Amino acid sequence: MTGTSALRRYLAELVVVFVGVALAFAVENLREDMSERAVGDQYMAGFSQDLAADREMLQAQYEARRTQLENAAVVLEFFEGRAIDPQAFFERYYVAMLMLNTHPNRNTMQEVLSSGNLRLIHDTAIRTGLLSLYATYDRIAAIEEHMERDFASYLYDPTFSAVPLRFEGPWPDTPENRKYVETLLGDIRIENGFRLIVANLEMRDLGLLAELELARSETERILEMVLAAGASTSR
């Protein structure tokens with residue numbers, strides 16, 4: 001075998017080796033890409049379930065907080081001079097004091113963030129939308145935590161150290177029940193507590209109702225994008 005033939009054979013074998021290595025890398029990259037795509041699809045399915053559940057939760061939460069606001073406003077009417085009516089007062093009073101906190105489904109998002117796999121959500125609009133939504137949830141939690149502190153400071157002890165605990169009544173118009181109402185109306189802490197409820201709920205652009213409405217609209221928009229993305233990948 002001449003030197004030229006040996007060199008050609010060596011180069012041919014070298015090309016075969018390089019091609020084999022390149023194919024192996026390509027196959028491995030394809031396998032990793034398919035694996036990551038499958039994980040990404042699982043995340044999208046999880047978000048679809050979470051968002052659908054949150055859409056219903058946020059609607060119910062918004063309505064409950066709206067009811068709380070309406071009842072707190074009526075209670076304040078009694079502080080401002082409305083004629084005492086124990087039944088009308090207490091049936092509004094206790095509803096306005098309800099603390100119904102928001103509990104979004106965070107399981108999928110927590111898994112994505114803790115595993116460092118946010119990049120597997122390839123749609124930029126979905127990814128940024130989810131981050132914005134969970135930032136809104138954080139603001140909602142902060143407002144609700146503030147309202148709980150107000151409740152403890154202004155309403156809980158003054159109320160339940162002064163009147164019997166009867167959430168469902170009835171509260172007939174008796175001297176005893178009138179005295180309970182007068183006692184509560186004479187406590188400035190309680191009046192301030194209800195004014196804080198109203199302020200925290202309806203403050204423009206910063207109140208809890210505004211944040212719940214924002215979260216609800218964000219959830220609806222992102223869910224539509226997630227479902228559309230799922231439909232396109234299944235074709």
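Shape annotation for the stretch 155-197: C-alpha extents along the principal axes are 29, 19, 16 Å, from largest to smallest. Using a simple spin-label model with pseudo-atoms 7 Å out from Cα toward Cβ, Ala45 and His146 lie 4.1 nm apart. Any chance you could check the Cα centroid distance between the stretch 68-82 and the stretch 169-206 for me, in angstrom? Between the Cα centres of the stretch 68-82 and the stretch 169-206 lies a distance of 7 Å. A simple spin-label model places pseudo-atoms 7 Å from Cα toward Cβ; at Leu206 and Glu168 they are separated by 4.1 nm. Shown for Arg166, Arg139: other C-beta atoms within 10 Å of each C-beta, ranked fewest to most, produce the order Arg166, Arg139. What FRET efficiency would be calculated for the residue pair Lys179, Ala199, taking the C-beta separation as r and a Förster radius of 30 Å, to the nearest 0.05? Given R0 = 30 Å and the Cβ-Cβ separation, E is 0.55. Near Arg106, once Lys and Arg are set to +1 and Asp and Glu to -1 for all other residues with Cβ below 10 Å from its Cβ, the sum equals -3. Give me the net charge of Phe79's neighbourhood, meaning all other residues with Cβ under 9 Å from the Cβ of Phe79; Lys, Arg count +1, Asp, Glu -1. So the surrounding residues net to -1.
Where a number appears in this text, it was derived from the coordinates with a stated rule and is not lab data. Predicted, not measured: the structure shown is a model, and the values here were computed from it. Here Cβ is always computed from backbone atoms with ideal geometry, including for glycine, and neighbour counts include all displayed protein chains.
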